[in-house]
1. Between ALA178 and LEU35, what's the calculated FRET efficiency when r is the beta-carbon distance and R0 is 41 Å? Round to 0.05.
2. So which GluC sites (Glu not before Pro) in the stretch 98-149 pass both tests, a DSSP loop state and at most 11 other Cβ atoms within 10 Å of the Cβ?
3. Accessible area, 1.4 Å probe, largest first: how do SER97, SER139 sort?
4. How about the stretch 51-152: which trypsin sites (Lys or Arg not before Pro) there are in a DSSP loop, with at most 13 other Cβ atoms within 10 Å of their Cβ?
5. How big is the charge dipole of the stretch 147-191 about its Cα centre, in debye rounded to the nearest 20, if each Lys and Arg gets +1 on its Cβ and each Asp and Glu gets -1 on its Cβ?
6. What residues from the stretch 76-101 fall in the zone where the backbone N is under 11 Å from a label point 7 Å along the Cα-to-C-beta line of VAL56?
7. Please work out how much length the chain gains when fully extended from LEU78 to SER139, using 0.36 nm per residue of separation minus the C-alpha to C-alpha distance, in nm with one decimal.
8. So how much accessible area does TYR104 have, in Å² to the nearest 10, using a 1.4 Å probe?
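The values are calculated or read from the model by the stated rules, or taken from the named source; none is laboratory data. Bear in mind the structure is a predicted one, so any value in this text is a computation, not a measurement. With ideal geometry, Cβ positions are generated from the backbone for all residues, glycine too; neighbour counts draw on all protein chains shown. These area figures cover heavy atoms from the full protein model, side chains too; ligands, DNA and RNA do not enter into them. Shrake-Rupley method; radii C 1.70, N 1.55, O 1.52, S 1.80 Å.
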Amino acid sequence: MSTTVSDGRQSRGGEIPGDWERWLAAQGGDNEERLQRLRRGLRQARREELSIRGWVFHGFAAQMRSVRDYYERSMRLLDRDVRRDLFCPERPIRAKSADKSSAYLSPEAVCRNSLIADGCKIEGTVEDSILFPGVTVESGATVRGCILFKETIVRRDASLRCVIADKRVQVQPGRHLAGHETYPLVIAKGRVV
């Protein structure tokens with residue numbers, strides 16, 4: 001078997017050219033089929049060099065193939081037992097530090113069963129939500145069952161339910177946005193709603 005890559009090189013048998021992305025695109029089929037071919041090709045090309053083994057893992061693991069999956073799996077992190085299993089001292093998770101100050105919750109703020117990152121400023125109500133660094137929830141705003149990425153701002157008297165907001169989204173004052181647990185509303189990066 002021989003596959004010609006767009007720059008004229010050929011891949012024979014299990015050989016994967018250095019530019020594997022072009023090779024993958026030249027294979028045809030949907031993404032899942034292409035990925036399977038790539039995995040098969042890599043195993044064939046390096047079978048003498050690799051020692052591939054498997055083991056049973058009994059801890060928390062999640063597969064995400066859709067927005068719904070992402071939302072459901074992320075919300076599972078609000079379960080204390082899942083968090084305890086995932087963030088255990090034996091397997092520390094190392095991440096780039098954002099060097100932000102601690103989260104600020106005003107005396108009027110209400111925060112229940114949520115994960116709030118450093119640099120957040122909460123003056124409204126946050127329940128069953130995950131807030132990434134630098135998120136602001138202004139006074140009178142309500143956030144329930146949401147995932148808000150860094151530097152998102154929810155203005156005064158706005159209401160969000162089952163929303164995934166990408167980085168630097170701004171929700172204007174008094175807006176009411178709602179998705180559902182089975183179909184969360186997704187707002188693209190940098191949008192003003």
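1. Details: r = 35 Å, r/R0 = 0.85.
It comes out at approximately 0.75.
2. On the way: sites: GLU108, GLU123, GLU127, GLU138; in loops: GLU108, GLU123, GLU138.
Loop-located and lightly packed - GLU108.
3. Values: SER97 80, SER139 45 Å².
So, going from the largest accessible area down, we get SER97, SER139.
4. On the way: sites: ARG53, ARG65, ARG68, ARG73, ARG76, ARG80, ARG83, ARG84, ARG94, LYS96, LYS100, ARG112, LYS121, ARG144, LYS150; in loops: ARG53, ARG65, ARG94, LYS96, LYS100, LYS150.
Of the trypsin sites (Lys or Arg not before Pro), the ones in loops of the stretch 51-152 whose Cβ has at most 13 other Cβ atoms within 10 Å are ARG53, ARG65, ARG94, LYS96, LYS100.
5. Values: 9 positive and 4 negative charges, 43 e Å.
The calculation lands at about 200 debye.
6. Inside the label zone: nothing.
7. Working: separation 61, 0.36 × 61 = 21.96 nm, distance 2.37 nm.
Separation in residues times 0.36 nm, less the Cα-Cα distance, equals 19.6 nm.
8. In the full protein context, TYR104 sits at about 110 Å².
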